[in-house]
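These notes concern the structure reproduced below.
Just so you know, all these numbers are worked out from the coordinates, no wet-lab data involved. No experiment lies behind these values; they were computed from the predicted model shown. Please note: Cβ atoms are built from the backbone with ideal geometry, for glycine as well, and neighbour counts cover all protein chains shown.
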Amino acid sequence: MSYFSGYRCTRCGHEYEPDQVTYLCPICSRTYQPGMPLLGILECVFDYAQIAVAWEEFSIAFPSANPTQKIEELCELFSPVDKEYYPNLPVGNTPLICSQSLVGETLYLKFDGVNPSGSYKDRASSLVVAEAKRLGIKEIVTASTGNAAASLSALCAAAGIKAVIFAPAKAPAAKLVQIKIHKAELHLVDGTYDDAFAAALEYSATHDCLNRNTAYHPFTIEGKKTGGLELYAQLGELPDYIFVPTGDGVILCGIAKAFYDLKEAGITDRLPALVAAQVESSDAITSYWETGVYQDAKKPHTVADSISVRTPSAAHLAVKALKATHGMGIRVSDAEILSAQKMLASRTGIFCEPSSAATLAAYFQAREQGWIRDEAKVVLMLTGHGLKDIEAVKFDD
């Protein structure tokens with residue numbers, strides 16, 4: 001049974017029935033233009049009282065439930081789409097690795113590089129594909145620097161749905177190969193991710209399809225919240241800090257939504273602090289959090305292509321999440337990212353892509369500045385596999 005009851009605008013608070021809207025709040029998005037952060041992002045609302053009852057019944061029936069059982073239950077309780085529509089390609093339930101080999105103290109590493117397409121984006125793609133199946137829609141379009149496109153291509157292939165991709169021509173070759181091998185329709189854009197985002201919006205306005213653009217479709221945030229639900233089930237308690245690689249801000253918003261939902265249902269009583277790990281040249285969300293004034297990143301250019309964004313689509317909602325969780329934004333350099341990537345690979349065996357390594361680089365800064373209290377339970381979100389961008393790896397020898 002689904003406990004999904006509708007949508008609420010994260011800007012004006014107006015509520016809508018489940019099939020009344022598809023993308024943004026019709027009121028707040030009237031003034032939206034491509035090239036600016038999204039206005040009127042919708043969040044899914046659930047019958048939290050009934051979820052609380054269902055979770056209590058589950059806990060009584062299965063007092064010794066293992067983390068996998070808890071993950072399955074939580075993800076079903078908080079899903080806006082019945083699981084019968086999910087594509088036949090397992091996504092999520094990724095490992096949470098307890099490591100003391102990085103800094104001499106315990107860190108938890110949530111590695112989503114083991115998802116089918118090798119990235120966290122599979123979580124959002126799976127849910128959007130499920131929604132397309134529910135609605136009988138045969139085509140989904142998205143914009144991407146590579147990971148979301150590879151993800152959508154794989155999940156659409158599993159469901160027999162056409163994927164249409166708009167990606168920068170300079171996207172990493174390995175990600176473009178993934179898109180092509182799954183037989184997606186690929187349109188290379190002579191420009192940036194932001195240009196691809198606008199092109200995908202234009203395409204969906206004139207075609208009978210679903211648009212998976214990040215944050216534009218509310219299920220992208222819902223899909224990405226499953227990582228947060230898993231963290232709670234795997235740890236058995238709330239972490240104190242979660243470091244999230246941040247470009248568009250949607251993974252950060254998804255993780256926040258997981259803990260908002262858990263708190264609303266009375267399953268937890270607080271929110272972990274979220275930390276946005278951003279590259280120096282792609283720091284629009286961190287700057288916004290610091291100053292309270294939104295400005296585009298001036299000239300994004302980084303080895304961490306997955307978080308290279310001039311105009312983050314979820315900027316307003318991401319800063320709201322940072323403030324609500326008493327979190328922070330941290331800038332890191334490409335040199336710090338590449339050093340962290342090597343450290344993760346050589347000391348933990350995890351080869352993650354540069355954007356993921358930004359979380360370890362940000363953690364070092366936070367510790368140096370005294371922002372992380374001793375004995376705190378810290379999670380680093382490692383959202384993509386390093387094989388997705390081997391050209392970014394640099395060796396001294």
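What the table shows:
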| item | result |
| --- | --- |
| Residue among 59, 5 that is polar (S, T, N, Q) and either touching a helix residue (DSSP H, G or I) at 6+ places or on another chain (Cβ under 7 Å) or more than 29 Å from residue 376 (Cβ to Cβ) (or both) | 5 |
| Near pairs, Cβ below 7 angstrom, 6+ apart or cross-chain, from segment 17-36 (under 19 Å from residue 221 (Cα atoms) and in contact (Cβ under 8 Å) with a residue 40 or more places away in the chain) to any residue that is of a type in the set (Phe, Trp, Tyr) and in a loop (DSSP other than H, G, I, E, B) | 23/216; 24/32; 24/216 |
| Qualifying positions in segment 360-397 - of a type in the set (Lys, Arg) and either under 19 Å from the mean Cα position of the chain (by Cα) or more than 22 Å from residue 305 (Cβ to Cβ) (or both) | 367, 373, 377, 388 |
| From 115, 93, residue being closer than 22 Å to residue 217 by Cβ, in contact with a helix residue (DSSP H, G or I) (Cβ under 8 Å, 6 or more places away or on another chain) and in contact (Cβ under 8 Å) with a residue 24 or more places away in the chain | 115 |
| Number of the exception - residue 222 against (1) within 30 Å of residue 65 (Cα to Cα); (2) acidic (Asp, Glu); (3) in contact with an Asp or Glu (Cβ under 9 Å, 6 or more places away or on another chain); (4) surrounded by fewer than 24 Cβ atoms within 10 Å (Cβ to Cβ) | (4) |
| Selection count, segment 233-261, where residues are assigned to a loop (DSSP other than H, G, I, E, B) and either under 9 Å from the mean Cα position of the chain (by Cα) or of a type outside the set (A, V, I, L, M, F, W, C) (or both) | 8 |
| Total residues in segment 264-315, condition touching a helix residue (DSSP H, G or I) at 6+ places or on another chain (Cβ under 8 Å), of a type outside the set (Gly, Ala, Ser) and part of a helix (DSSP H, G or I) | 6 |
| Cβ pairs under 6 Å, 6+ apart, first in segment 288-307 and within 26 Å of residue 387 (Cα to Cα), second assigned to a loop (DSSP other than H, G, I, E, B) and basic (Lys, Arg) | 300/310 |
| Filter pass, residue 372 being assigned to a helix (DSSP H, G or I) and of a type in the set (A, V, I, L, M) | no |
| Any strands (runs of 3 or more DSSP E) falling wholly within segment 1-119 and containing at least 2 residues that are aromatic (Phe, Trp, Tyr) | 4-9, 107-111 |
